[in-house]
1. Which whole-number percent of Cα pairs in the chain have a distance greater than 33 Å?
2. Probe of 1.4 angstrom, ligands and nucleic acids ignored: what's the accessible area per residue over the chain, in square angstrom?
3. Given points 7 Å out from each Cα along the Cα-Cβ axis, report the Gln358 to Ile330 separation in nanometres with one decimal.
4. Assuming 0.36 nm per residue, please report the length gained on full extension of the stretch Leu263 to Ile230 beyond their Cα-Cα distance.
5. If I compute solvent accessible area with a 1.4 Å probe over the protein chains, what percent of it on the chain is carbon and sulfur?
6. Please give the helix 160-169 orientation as an angle from the longest Cα principal axis of the chain, in degrees from 0 to 90, rounded to the nearest 10.
7. Which of the residue pairs Lys57/Lys281; Lys88/Lys210; Lys80/Lys270; Lys80/Lys271; Lys71/Lys398; Lys80/Lys281 have a Cα-Cα distance greater than 27 Å in the structure shown?
8. Among Ala302, Ser203, Ile330, whose Cα projects farthest towards the positive end of the dipole of the chain, with charges put on the beta-carbon of Lys, Arg (+1) and Asp, Glu (-1)?
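The values are calculated or read from the model by the stated rules, or taken from the named source; none is laboratory data. For clarity, every value in this text was computed on a predicted model and none was experimentally measured. Here the Cβ positions follow ideal geometry from the backbone for every residue, glycine too, while neighbour counts run over all protein chains shown. Areas reflect the complete protein model, heavy atoms only, side chains present, ligands, DNA and RNA absent. Shrake-Rupley method; radii C 1.70, N 1.55, O 1.52, S 1.80 Å.
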Amino acid sequence: MLSIIIGLVLLMVLAYMGWSIIWVAPIVAGIVALLSGMDLMHTYTETYMTGFVDFAKKWFPIFLLGAVFGKLMEDTGAAKSVAFKITKLIGEKRAILGVLAASAILTYGGVSLFVVVFAIYPIAVALFKAANISRKLIAPTIVLGAFTFTMTSVPGTPQIQNLIPMDSFHTTPMAGSIMGIAGTIVMAVGGYLWLAYREKKMSAAGDTFKEIEGERTSGSEKDERLPNWILSLIPLLLVILLLDVVKLDPLPSLLAGIIAILLINITQYKKFIPSINEGAKGSVMAIINTSAAVGFGAVVTAVPDFKNITDMLLGISDNPLVSESLIVQILAMITGSASGGMGIALQALGHTYYSLAQTTGVSPEALHRMASIASGASILPHNGALLTLLAVTRSTHKDCYKDVFMVGLLIPTIAMIVGIIFASIGLI
């Protein structure tokens, strides 16, 4: 068990230092194998690569279509058009609420988290400047809108964190709707109240908006010649409708959304091939990063003493929802990836928890929703999405991690507890 602990600590520390998990994960997996007395080459070529390939085989099509969908929404201006309209309706004086709502709607519509970051940031800068709010709150606001409730708890979200549990628990994206709504309220309302409190406190201390040399803020919707916002909203609504109402699988739902973007923005046809190419490239990096983490998890689960660890974790509570949530959350924290950590956990224990659902009466839908919520309650400083966000927003951990921690880890953990309570009293 010591080899597993050493491996997990190494992975977290090296990822925090900025080392790519693509090559760190197999090296650390090799260290775990050596310390555990396993054959190094067999562990890498068979155990690690089997975990890596199995995850990529199962989820790459969704990663691909999701990334292409998001990139087309970005390059055609559709994502920015929707975001502009939302922020205008809410008002520039309520900049935090406007950026939060725009981020949430784009994410729930199927736009990938990374695309949301790039689409929302220029708008956020303009709004925060107009409202004279410290730019230190831009990253935490985007985290709350895109990395929390719309990614994990809102029933029907097409984000990968809500789709992965379907395979283990034979559920749909709407699983655990009541629990999901409760978690959403806790995260959205609690996070917004925290950010509003921080805005007042920072403004009172004189910490207001400061320009960054060479940065270009976003112009008006008219200046940028963005497409009609109502037409831009159609692909987002279509994906949600097909996935959650018509009950189509994620692949045809996303494909229909892509076709809708192409038809609505046919006058921009020259952008289509470059955008699709870039989206495809981005999906490859995303799936490789996540698969690398899952491959490491496959090695961990192959360690002879891993069963002792799983028995210990399973025995944390008589309630499977508690142990499942903690396992998923811990692994997501360690790997710096919500989908990667959940992939590791469910690959190792998904069948076990589904069997427990059959014997203990715990709803598979509750297990689905708790796995999803727990995966997002995990944003430590080395989280891959957070590092990308900080780079784009030109922020540092010192500037904003305190607020990121509150809205991206502590409050979602409270939502996780609320979800468990709801499921325990039958509100699923």
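1. For the chain, the fraction of Cα-Cα distances above 33 Å is 32 percent.
2. So the chain comes to 41 Å² accessible per residue, rounded to a whole number.
3. For Gln358 paired with Ile330, the spin-label model returns 2.7 nm.
4. So the extension gain works out to 10.5 nm.
5. Result for the chain: 67 percent of the exposed heavy-atom area is carbon or sulfur.
6. The angle comes out at about 30 degrees.
7. Listed pairs above 27 Å: Lys71/Lys398.
8. Ser203
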